[in-house]
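To keep things clear, I will list the structure first and then write my remarks on it.
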Amino acid sequence: MAPPAQTNRSPSPSQPSGKGEVSDLKMQLRQLAGSRAPGTDDAKRELFKKVISCMTIGIDVSSVFSEMVMCSATSDIVLKKMCYLYVGNYAKHNPDLALLTINFLQRDCKDEDPMIRGLALRSLCSLRVTNLVEYLVGPLGAGLKDSNSYVRTVATMGVLKLYHISESTCMDADFPATLKHLMLNDREAQVVANCLCALQEIWGLEATKSEEASTERETLLSKPLIYYLLNRFKEFSEWAQCAVLDLVSKYVPSDSSEIFDMMNLLEDRLQHANGAVVLATIKLFLQLTLSMADIHQQVYERIKAPLLTLVSSGGPEQSYAVLSHLHLLVMRAPYIFSADYKHFYCQYNEPFYVKKLKLEMLTAVANESNTYEIVTELCEYAANVDIPMARESIRAVGKIALQQYDVNAIVDRLLQFLEMEKDHVTAETLVLVKDLLRKYPQWSHDCIAVVGNISSKNVQEPKAKAALIWMLGEYAQDMQDAPYVLESLIENWEEEHSAEVRLHLLTAVVKCFFRRPPETQKALGAALAAGVNDFHQDVHDRALLYYRLLQYNVSIAERVVNPPKQAVSVFADTQSNEIKDRIFDEFNSLSVVYQKPSYMFTDKEHRGPFAFSEEIGNLSLGEESTDNVVPAQRIEANDKDLLLSTSDKEESKGSIHNSSAYSAPGYDGSLAAPSQTDLVSLDYKPTPNVPSATFAIDDLLGLGLPAAASTPPPPPVLKLNTKAALEPNAFQQKWRQLPISISQETSINPQGVAIMTSPQTLIHHMQGHSIHCIASGGQAPNFKFFFYAQKAEEPSTYLVECVVNSSSCKVQLKIKADDQSTSQAFSELFQSALSKFGFS
């Protein structure tokens with residue numbers, strides 16, 4: 001039996017029909033073009049549906065463009081709509097094909113049917129082809145004067161589209177003046193609303209270029225226009241009402257009577273079924289009464305019921321949006337909503353994001369009169385099978401406890417959570433008990449009695465383990481097994497992956513040593529040795545700090561590490577009042593839903609902690625300080641590779657040199673005596689009566705006797721040209737062409753950080769080592785430099801991107817070189833010069 005014939009169609013699932021079917025569609029459309037036989041429109045519909053279907057799933061059907069245009073000669077509105085949809089999709093990317101549509105679209109703009117006129121005008125303005133703007137002016141002018149309101153409505157938005165395609169064409173045709181006339185005189189409310197929106201955008205953009213436009217924009221906030229819009233307010237659609245309310249919120253009334261008139265006129269909008277209208281009205285009422293404290297509070301009382309109704313009447317998405325605004329109001333005036341706390345109880349079928357927001361609101365409205373009921377409800381949630389919900393509930397109970405005066409019942413509830421023997425419940429409760437003890441130290445006896453029964457092996461989450469370790473160190477005298485629990489944790493130091501836990505462990509064992517020295521001596525020695533050899537810089541530095549404090553003077557170390565503490569009265573808020581006020585000013589916007597001001601998620605300069613301009617020309621440049629320094633010039637801003645934000649540092653994590661000049665105890669028991677320059681305090685000078693190396697602490701901790709201080713290695717041998725010169729354009733070209741030879745992280749001396757108040761200090765220092773700066777920028781704590789150097793004996797150039805973080809004393813380096821074989825030697829020389837910064 002012969003095998004089946006092979007098909008030419010593509011097996012790709014994204015193109016099931018293949019090119020053959022598109023050719024078939026083209027041929028069938030061509031046959032139907034111009035035909036007036038009965039049933040032709042029905043056949044065209046089926047073919048048009050196939051074309052639109054192919055276009056929707058990504059198949060290129062631009063080859064049937066001319067046939068689609070020819071088949072558009074029909075009075076069938078459905079066919080017209082599909083044809084306009086097809087044309088609008090391909091016209092922007094195929095300007096030559098778009099030219100074919102001009103004739104039939106202009107013809108349709110004069111059709112007897114107003115629906116076809118409007119659709120054709122909308123499609124004509126949606127082509128967005130710059131070369132065709134001359135064909136838009138005539139139909140738009142006719143559309144603005146059309147007798148049908150639908151056509152005028154489409155034409156007003158078409159003017160805005162024309163403005164974005166060609167500003168000059170729109171302004172030369174004097175369309176804004178026509179829109180203003182329509183806005184003030186048209187009978188149709190939707191036309192008025194469209195004119196208002198179009199004029200707001202056009203005059204807003206033109207205001208920076210023309211005083212006339214700026215004046216026109218101000219007229220939108222004039223009293224006659226505002227009153228005109230408010231008197232026609234009920235004629236507008238819901239969308240138009242929101243636009244008008246937004247405009248009115250920017251208007252400044254002349255006196256209180258005008259405010260009351262406006263509020264009385266819009267009072268019924270608070271009962272509107274549309275949430276957007278209600279929120280826009282609330283925003284207006286709140287802003288109108290900001291200067292009237294008593295009336296402002298009455299507004300809160302008045303808007304409470306409409307908001308609560310919207311929360312319960314809509315879907316989860318609408319509920320979340322309304323709840324976000326209600327949350328903002330609750331945070332500003334919790335006493336007003338305290339009696340309505342039951343509205344914030346969670347329903348079983350609500351999504352987690354809604355429940356979480358309700359828990360925050362329950363926390364905010366809790367006071368002496370309703371705390372018991374709220375905490376009882378939250379405790380029920382803590383036993384929920386939904387683990388994230390249970391966690392948030394426990395946190396909410398803790399927050400209420402931290403803001404109340406009478407916490408007896410709440411502390412008992414929290415301690416009961418520890419007896420539930422659920423890992424996530426235990427973890428969250430331990431964190432909260434730690435905070436409670438910081439604020440209410442008088443409860444330490446009751447809390448420690450329960451916490452002491454918890455095995456550290458059953459606590460795995462880093463924050464919870466850190467909280468348990470903190471309590472072991474802080475209340476070591478009250479917990480009989482504290483030294484031995486800490487010792488067992490230190491024995492598993494290598495298995496602990498969380499730096500936070502290791503940091504708490506170091507501090508806790510030192511505190512325990514001051515309270516119970518004999519039992520903690522061995523554990524402290526092991527902790528310091530492990531900490532100093534830890535790969536994490538913060539852990540290494542803290543262990544070294546404790547070691548040197550103990551080596552210098554034990555009593556001083558105790559005053560530093562374990563001073564007398566006062567109870568914490570208020571915990572830091574995550575948001576400042578300024579940010580909260582900014583969010584309130586942006587009521588009825590995404591800022592409320594995101595809980596952050598708009599500039600934090602829209603403006604480019606707020607997208608990262610270390611944001612440089614994409615243009616290297618915006619950097620401050622090096623000075624002409626000596627004859628050997630090349631005058632720094634601005635580099636053209638077309639090389640984005642030259643300036644990268646700190647997010648690009650992740651690429652350089654592969655080769656990290658965690659070098660340190662510190663000499664510290666090791667696991668083998670040996671100890672090198674640190675030099676005085678290694679001490680953490682920059683201004684520290686040894687007291688004459690105290691020896692520079694107190695060996696008694698080394699013997700006490702079992703760390704061994706100190707060895708002789710090791711001398712630093714000699715600087716690498718690589719001679720640089722002291723009179724190196726490189727033009728900015730040459731630097732830019734080399735940076736593009738050369739690959740990265742070395743990408744690594746290193747450290748900078750704290751002494752250097754202390755004197756680096758501006759980039760120039762480091763630039764002058766590196767120039768003394770024949771390494772020159774061609775561009776620099778940034779401000780504390782982040783600075784960025786581009787250095788270059790040249791070998792003394794041959795024309796080999798080294799390029800360096802250096803990013804300095806003065807807060808962490810870390811430096812990110814990217815080095816490129818003409819001679820790759822000497823890159824490592826230059827890197828060592830560069831780091832050697834950098835390490836001397838602050839000492840020379």
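If Ser338, Ser488 are ordered by their accessible area, calculated over protein heavy atoms with a 1.4 Å probe, which sequence runs from highest to lowest?
Ser488, Ser338
How big is the equivalent ellipsoid of the range 213-298 along its three axes, where each semi-axis is √(5λ) from the Cα gyration tensor, reported in whole Å from largest to smallest?
For the range 213-298, the ellipsoid semi-axes come out as 19, 18, 11 Å.
With the calculation restricted to Cα positions, what are the radius of gyration and Dmax of the range 527-588 in angstrom?
When restricted to Cα atoms, the range 527-588 yields Rg and Dmax of 20.3, 60 Å.
Running Debye on the range 127-279 with equal point scatterers at the Cα sites and no solvent, what base-10 log of I(q)/I(0) appears at q = 0.10, 0.14 Å⁻¹?
-0.39, -0.73
List, in the order given, every pair from Lys26/Lys81; Lys180/Lys283; Lys565/Lys810; Lys399/Lys457; Lys92/Lys180 whose Cα-Cα distance in the structure shown is over 21 Å.
The answer is Lys180/Lys283; Lys565/Lys810; Lys399/Lys457; Lys92/Lys180.
On a full-extension model of 0.36 nm per residue, what is the gain between Ala449 and Arg128, subtracting their alpha-carbon distance, rounded to one decimal in nm?
Gain on stretching Ala449 to Arg128: 108.2 nm.
Quick one: order Trp735, Trp239 from most to least accessible surface, probe 1.4 Å.
Trp239, Trp735
Regarding the range 780-834, what whole-number volume in Å³ per residue does the convex hull of its Cα atoms give?
73 Å³
Can you send over the solvent-accessible area of Ser589, 1.4 Å probe, protein chains only, in Å² to the nearest 10?
40 Å²
May I ask for the Kirkwood hydrodynamic radius of the range 424-483, worked out over all distinct Cα pairs and given in angstroms to one decimal?
Radius from the Kirkwood sum: 11.3 Å.
Using the beta-carbon distance between Ala572 and Asp538 and R0 = 22 Å, what value does 1/(1 + (r/R0)^6) give for FRET efficiency, to the nearest 0.05?
With R0 = 22 Å, the Cβ-Cβ based efficiency is 0.60.
Just subtract the alpha-carbon distance of Glu188 and Lys580 from 0.36 nm times their residue separation and send over the number in nm, one decimal.
Stretched fully, the Glu188-Lys580 segment lengthens by 137.1 nm.
What FRET efficiency comes out for Val717 versus Thr757 if R0 is 25 angstrom and r is the Cβ-Cβ distance? Round to the nearest 0.05.
The value I calculate is 0.15.
Around Gly88, under 11 Å between beta carbons, what's the net of Lys plus Arg minus Asp minus Glu among the other residues?
For residues surrounding Gly88, the net value is +4.
Beyond 20 Å, how much of the Cα-Cα pair distribution for the range 28-130 remains, as a whole percent?
Across the range 28-130, Cα pairs with separations above 20 Å total 34 percent.
So if R0 is 41 Å, what FRET efficiency would Ser498 and Glu267 give, r being the distance between their Cβ atoms, rounded to the nearest 0.05?
0.15
Based on Cα coordinates alone, diagonalise the gyration tensor for the range 86-183, multiply each eigenvalue by 5, take square roots, and list the semi-axes in whole Å, largest first.
Semi-axes (√(5λ), whole Å): 20, 17, 10.
From largest accessible area down, sort Phe514, Phe337; use a 1.4 Å probe on the protein chains.
Phe514, Phe337
What's the local net charge at Ser488, with K and R +1, D and E -1, over the other residues with C-beta under 15 Å away?
With Lys, Arg at +1 and Asp, Glu at -1, the net is -3.
Report, in whole Å, the centroid distance computed from the Cα atoms of the range 722-779 and the range 56-117.
Centre-to-centre distance over Cα atoms comes out at 59 Å.
The values are calculated or read from the model by the stated rules, or taken from the named source; none is laboratory data. It should be emphasised that the depicted structure is a prediction, and the values quoted were computed from it without experimental measurement. Glycine also receives a Cβ, built like all others from the backbone with ideal geometry; neighbour counts cover every protein chain displayed. Only protein heavy atoms, including side chains, enter the accessible area calculation; ligands, DNA and RNA are left aside. Shrake-Rupley method; radii C 1.70, N 1.55, O 1.52, S 1.80 Å.
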